[in-house]
Amino acid sequence: MSISNLNWRLVLPFLLAVPPCALGQKSGARTAHNSAIDCSLSADGSYVVRYSATGWKLDGQLPEPVGKVKSTSGEDKVGRFHSLAISFSSGARRAEIRVYDSRPTVEFRDEWVSAGDNTTPFPTFAHVPVEQEQLSFQSINFGFYQFGKLNPEGPWVFFDKSAHALIVSPADHFLVSKMAADETGGATIGIDPEIKSMPAGFVHTTLLSTGDGVNDAFSSWGSALLAIGGKHAAPNNADALLNKLGYWTDNKTVYYYKFDESKGYAGTLLAVRDELKRLNVPIGYMQIDSWFYPKGPQSRWETKGNTPEFGETEYRADKTLFPDGMKKFQQNLGLPLVTHARWIAPQSPYHQQYKMSGNVAIDPRFWQSTADYLHDAGVITYEQDWLDKNAHAETNLTDPGAFLREMNDAMQAQNMSIQYCMTLPSDYMASTQYPAVRTTRTSGDGFERRKWDRFLYDSELAKAVGLWPWTDAFFSKDLGNLVISTLSAGPVGVGDAIGDFNVKNLMSVIRTDATIIKPDTPLVPIDDSYLRDSESQNSPMVAEATTATANGDVRYVFAYPRQAAETSVTIPLTKLGVRNPVFAYDWRDHTGSVLNPQDSLTIGFDSGWGYVVLTPVNAGGVALLGDTEKITPMGRTRISVEASHGGELLATVHFAAGEGPRVISGYAANQPEVKATVGSVTGIHFDPATHIFSIAVSAGTENRAVLSIRPPKS
């Protein structure tokens, strides 16, 4: 029969049902696919992964394949999968590709059936999409982002001009995994070649995820890693570090290795507490940095060196600073503490007392002793610094994991959290295995304008793996820093001198009980910023955080120029994910307008940055703006929209105990009807020019007010 005589109505559905990689596949090949990815593995050991949305192909070849390809299905922590597997290297190794049914994700499993050499890692790709835009994170310092580079720890991010993205990384043994790309576009992902031999039964896995945008791909990739690690990300109010405003004494703050000589170090910090009380600015904790413990060859607290001999000699409060001990100081302070840690100095007696690896302890007795001491002294968070170079175990298959695991287990047993600092990409990924790790620093020491880009891009990595990003401390007069830190949804802390606190700025962050009013999600660059920055356009940065409500997501859009001549930026609302009408409220000048999804948003740069809140307009033409004196006016610790139906919004306003009335604002086409079923409302004001209304709301029972806001009856 000729092709022209085929009944295409019968044949076409069959062809469409065949996975693309099965068309023209090699003899003996097996295939598996999901909605985004098609895979094949052939009896000759060749394998191909195709990203359907772009046609990108990652292909490789196993040495000495043995037997037939086995195709099975199953379920693991990530979800249901279809598996393709074959033995190779004379049967000593087994390669498996798992294609997940409900995730745009593939896992490659490399198993040593018998003990052997660490050679020919799986997967080894002959081609990765190096002709596309690239992003990865450095293996030095704070692991900062880099466009156009493929750094050895991963993750590697490839994306096209439509922001379709593919991410590849190790999925376990992160601290000893290495990724390598060659000049021809080939790549390998495996165990560090410094480790020469592998035990029988050892498995190393690699993850590949895709997304319709860069942010979407990060989300898919990170959620799969968290599932593999069995970790559920902590809520952003999980402890005082995350939930409350804090005071910091780390590098670049006023009292870092410095204090009022007339008061002593402890007395100076008590005076900070008293000053904040006098100003009616509550804080929820105080951070104590590396100055508090003895270090270096002379075992002195004043030591600041960063070479190995300047590590901790004893991780206890220096007696010249705290003669009565850390516990007594904390009791006098009346606030929980966050404490900093370095690595262990080579001259420390800990080397004789505990099992060590490199400059760190891998002995559970050390970590239990440390956690017990800190807990007894009122510490809520342990900050492990210098992860980039000095706080390192030896390179082998056991010690690096033992270092982080024993730290996690000891702190978790005492209900303490961990913050990573100078975090490398491998540490970010490894944190998916450790529930006590909740926050990480994604900026260099002392937050400031020139560090904004790095903070925002690295916050995307933190967000993906379930960590809350921390800007580091700054001074309260710096409103731009304060806005970014608050919108990070992570910790917020300052390091001002006594007499220099900006009360208005600080109170724009918190309720009167020090609770931070923050978004649900961290502030990260939108996809369009990835596209422009990957091409070195030097155009304005646009970043977004969100709060979910029953009326749709509230979006907090922060933007700033990278060139002096830029006075504003205009973004189509579709690039911000807006699909329904919103009221765009300029937080700085208190103006706004209704925008439809096909419209664009223009943000002006007053004093070097701009900030607009996009809040959904419901079917009745009402939008809630919230407590607009706060940086995050619709943060759920202040207000939450519980329902929106028939044009009516039902919202709950949350108060600190004893907190007075709060002014809540919104938009309406005409003056709305506002009633309180719990608490009370007074002073309703409607501006017919701006259509912005405001009401004074007072708490009722359970420190809350429940409001009904509806358009006027016709």
Once you list every other residue whose beta carbon is under 12 Å from the beta carbon of Glu302, what net charge do they have if Lys and Arg are +1 and Asp and Glu are -1? +3
Would you grab the residues whose amide H sits under 5 Å from the one on Val113? Only those 5+ places off in sequence or on another chain, please, with H modelled 1.01 Å from N. Arg93, Arg94, Gly201
I'd like the accessible area for Leu601, computed on protein heavy atoms only with a 1.4 Å probe and all protein chains in place. Round to 10 Å², please. 10 Å²
Rounded accessible area per residue of the chain, 1.4 Å, Å²: 38 Å²
How many percent of the accessible area of the stretch 639-714 is carbon or sulfur, using a 1.4 Å probe? 51 percent
Of the cross-linked pairs Lys178/Lys389; Lys277/Lys477; Lys244/Lys295, which ones have a Cα-Cα span greater than 21 Å in the structure shown? Lys244/Lys295
Counting only GluC sites (Glu not before Pro) that sit in a DSSP loop (anything but H, G, I, E, B) with at most 16 other Cβ atoms within 10 Å, what is the longest stretch of the chain containing none of them? 395-534
Summing Lys, Arg as +1 and Asp, Glu as -1, what charge do residues with Cβ under 14 Å from the Cβ of Glu64 carry, Glu64 excluded? 0
Give me the percent of the accessible area of the stretch 537-621 that comes from carbon and sulfur atoms, probe 1.4 Å, all protein chains in place. 47 percent
Using a cut-off of 19 Å between alpha-carbon atoms, which aspartates and glutamates can reach Lys196, once sequence neighbours fewer than 8 places away in the same chain are excluded? Asp110, Glu111, Asp117, Glu153, Asp172, Glu394, Asp399
For the stretch 363-443 the translational diffusion coefficient, Stokes-Einstein from a Kirkwood Rh over Cα pairs at 20 °C and viscosity 1.002 mPa s, in µm²/s, is roughly 168 µm²/s
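What FRET efficiency comes out for Glu261 versus Glu629 if R0 is 35 angstrom and r is the Cβ-Cβ distance? Round to the nearest 0.05. Could the numbers behind the result be given before it?
Details: r = 39 Å, r/R0 = 1.12.
Efficiency, from the Cβ-Cβ distance: 0.35.
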Among Lys252/Lys518; Lys263/Lys319; Lys304/Lys463, the pairs whose Cα-Cα distance exceeds 20 Å are Lys252/Lys518; Lys304/Lys463
I need the peptides 427-438, 213-224 ranked by packing, meaning the mean over residues of other C-beta atoms within 10 angstrom, with the highest value on top. 427-438, 213-224
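First compute the accessible area of the stretch 96-237 with a 1.4 Å probe, then give the percent of it belonging to carbon and sulfur atoms.
The value for the stretch 96-237 is 50 percent carbon and sulfur by accessible area.
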Applying a 10 Å radius around every beta-carbon, put 97-104, 123-130, 143-150 in order of their mean neighbour count, most first. 97-104, 123-130, 143-150
Starting at the first residue of the stretch 591-598, write each ³J(HN,Hα) from the Karplus equation 6.51 cos²θ - 1.76 cosθ + 1.60 with θ = phi - 60°, in whole Hz, x for Gly and Pro. 10, x, 7, 7, 10, 9, x, 7
For Rg and Dmax of the Cα atoms in Å, which listed value, (i) 27.8, 101; (ii) 47.5, 159; (iii) 27.7, 96, comes from the coordinates shown? (i)
Using Cα positions and a limit of under 20 Å, work out the aspartates and glutamates in reach of Lys713, with same-chain residues fewer than 8 apart set aside. Glu648, Glu673, Asp687
Please give the net charge around Asp399, taking every other residue with its beta carbon less than 15 angstrom from that of Asp399, where Lys and Arg add +1 and Asp and Glu add -1. -4
Taking amide H positions as placed 1.01 Å from N in the peptide plane, with prolines and chain starts having none, which residues 5 or more places from Ile498, or on another chain, fall under 5 Å of its amide H? none
Once fully extended, how much extra length lies between Ser607 and Asp101, figured as 0.36 nm per residue of separation less the alpha-carbon to alpha-carbon distance? 177.2 nm
The chain - charge dipole about Cα centre, Lys and Arg +1 at Cβ, Asp and Glu -1, debye rounded to 20: 1020 debye
With θ taken as phi - 60° and the coefficients 6.51, -1.76 and 1.60, list the Karplus ³J(HN,Hα) couplings across the stretch 184-200 in order, rounded to whole Hz; mark glycine and proline as x. 8, x, x, 7, 10, 10, x, 7, 2, x, 4, 8, 8, 10, 10, x, 4
Between Leu242, Ala200, Ser220, whose Cα lies farthest towards the positive end of the dipole of the stretch 156-309 when Lys and Arg beta carbons carry +1 and Asp and Glu beta carbons carry -1, centred on the Cα centre? Leu242
Residue by residue, what Karplus-based ³J(HN,Hα) values in Hz, rounded to whole numbers, does the stretch 277-290 have, using 6.51, -1.76 and 1.60 with θ = phi - 60° and x for Gly and Pro? 4, 4, 7, 6, 10, x, 10, x, 6, 9, 8, 10, 8, 5
Calculate the length of the line joining the C-alpha centroid of the stretch 221-239 to that of the stretch 325-371, in whole Å. 27 Å
For the chain, what does the helix formula give at 222 nm: sum of -39500 (n - 2.57) over DSSP H segments with n ≥ 4, over the residue count, nearest 500 deg cm²/dmol? -5000 deg cm²/dmol
Between Thr512 and Ala548, with labels modelled 7 Å along Cα→Cβ, what's the label distance in nm to one decimal, could you check? 3.2 nm
Choose one of Ala115, Gly334, Phe158: the residue whose Cα lies farthest towards the positive end of the charge dipole of the chain (beta-carbon charges +1 Lys, Arg; -1 Asp, Glu; about the Cα centre). Gly334
Given Cα pairs under 8 Å that are at least 6 residues apart, what percent is the relative contact order of the stretch 374-496? 20 percent
What residues of the stretch 300-327 lie in the reach of a label at Gln353, counting those whose backbone N is under 15 Å from a point 7 Å from the Cα along Cα→Cβ? 312-319
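The values are calculated or read from the model by the stated rules, or taken from the named source; none is laboratory data. All values derive from a computational prediction rather than experimental measurement. As a convention, Cβ positions derive from the backbone with ideal geometry for all residues, glycine included, and neighbour counts pool all protein chains shown. Accessible surface areas use protein heavy atoms only, side chains included; no ligands, DNA or RNA. Shrake-Rupley method; radii C 1.70, N 1.55, O 1.52, S 1.80 Å.
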